[in-house]
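> Take a look at the following structure, please.
Bear in mind these aren't lab numbers, they're just calculated from the coordinates by the rules spelled out. Bear in mind that the values here come from a model prediction, so they are computed numbers and not experimental data. Glycine gets a Cβ as well: all are built from the backbone with ideal geometry, and neighbour counts include every protein chain shown.
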Amino acid sequence: MRSLSTADRGALHREILQWYAVHLRPLPWREASCSPWGVLLSEVMAQQTPLARVEPAWREWMSRWPTPAALAAESPGEVVRAWGRLGYPRRALRLREAAAAIVERHGGEVPRGLDELRALPGVGDYTAAAVAAFAFGDRSVVVDTNVRRVQARIVDGVAQAAPSLTRAEVALAESLLPADDAEAATWNVAVMELGALVCTARAPRCEECPVSARCAWFLAGRPAYEGPVRRGQAWHGTDRQVRGIIVQTLRDASEPVARGDLAPGRDEAQVDRCLAGLIEDGLVEPVAGERFSLPRIEERAG
DNA sequence: TATACGTGGGG
DNA sequence: TCCCCAAGTAT
């Protein structure tokens, strides 16, 4: 890991924070008036889902369930239906569980502490740090895919980060974090925004980058990535695809659906296997007469 | 540490 | 068309 002088760090902060002040997207959960619950909701929805698709769903959810208590009182099936096509619908279930935990353990208020946040269902290291920073203005180390890529390029001079998060990356992010709480919080979102809009994975816009002049990767002539190859996600014909079809069928249905109509034309053994998995996950509920629906009662524990 | 887990837009 | 990948988490 290359280390930066104090002066270099200061310049980096100034340039990226200035860029952010001009180029930030006016997302609703960035409004000062947005509640911690709104921030938590946005962070979970944004896990592996592009922000452009998150925004309309976020607005609908905030209107329907403006507090953790409101969501906790909703049925899991309705929550999965409202999740729509954001992907990874188990996140909707976890969000409802998190809402219930917030009501039970924290009096209905999103907790501020990293440990308390991290203990909520569906909240990992990234989301806990992000909520601490963006909802409460705390100085926490937020390391998402954007931060990892920006750091890899500017500091390490490589096109992309390692396949999985390393200790060194977290240590680097920590070393780059401004000392001041509020400035650190803004720094986190500014680096993420830079990664999302300029320092992108596919076709980085280095001409528009405020720090290309101090970017090790740019200065080295943007060398191609040489690390271990990332495994692409298999999709066609996978269980994941069939699970998606089944859940979408149930989202669109107003009545319970027979097994044979869940994923028409798909291999029956695969449909059975996926169905069992979905039931185990609490995303599908068997009802009378060999039919299935989104969960109406209680989702399975575990 | 590696793998499962959805979905859709852009290159 | 096909492939990559997006504010990750849980196991």
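> Once the principal axes of the Cα atoms of the stretch A:160-302 are found, what is the range along each, listed largest first in whole angstroms?
Reported extents, whole Å, longest axis first: 66, 36, 28.
> Which residue, chosen from A:276, A:292, A:250, occupies the Cα position most advanced towards the positive end of the dipole of the stretch A:239-293, where the dipole is computed from +1 (Lys, Arg) and -1 (Asp, Glu) charges on Cβ about the Cα centre?
The residue sitting farthest along the positive end of the dipole is A:250.
> So, one more: So if I take the centroid of the Cα atoms in the stretch A:200-261 and the same for the stretch A:151-170, what is the distance between those two points in Å?
After rounding, the separation between the Cα centres reads 18 Å.
> What is the projected area of the convex hull of the Cα atoms of chain A, averaged over all directions, in nm²?
Numbers: hull surface 68.6 nm².
Computed as one quarter of the Cα hull surface, the answer is 17.1 nm².
> Let me ask something else about it. Where does the longest stretch of chain A lie that holds no chymotrypsin sites (Phe, Trp or Tyr not before Pro) found in a DSSP loop with 14 or fewer other Cβ atoms within 10 Å?
Values: sites that count: A:225, A:235.
No qualifying site falls inside A:1-224, the longest such stretch.
> Moving to a separate point now. Mind putting a number on the dipole of chain A about its Cα centre? Charges go on the C-beta only, +1 for Lys and Arg and -1 for Asp and Glu, and I need it in Debye to the nearest 20.
Working: 37 positive and 39 negative charges, 155 e Å.
Dipole about the Cα centre, nearest 20: 740 debye.
> So for the stretch A:112-223, taking the charge dipole from beta-carbon charges (+1 Lys/Arg, -1 Asp/Glu), which of A:150, A:192, A:178 sits furthest toward the positive end?
Comparing the listed Cα positions along the dipole, A:150 ranks first.
> Moving on to the next point. Once the Cα atoms of the stretch A:239-293 are picked out, what are the Rg and Dmax in Å?
Cα-based Rg and Dmax for the stretch A:239-293 come out at 9.8, 26 Å.
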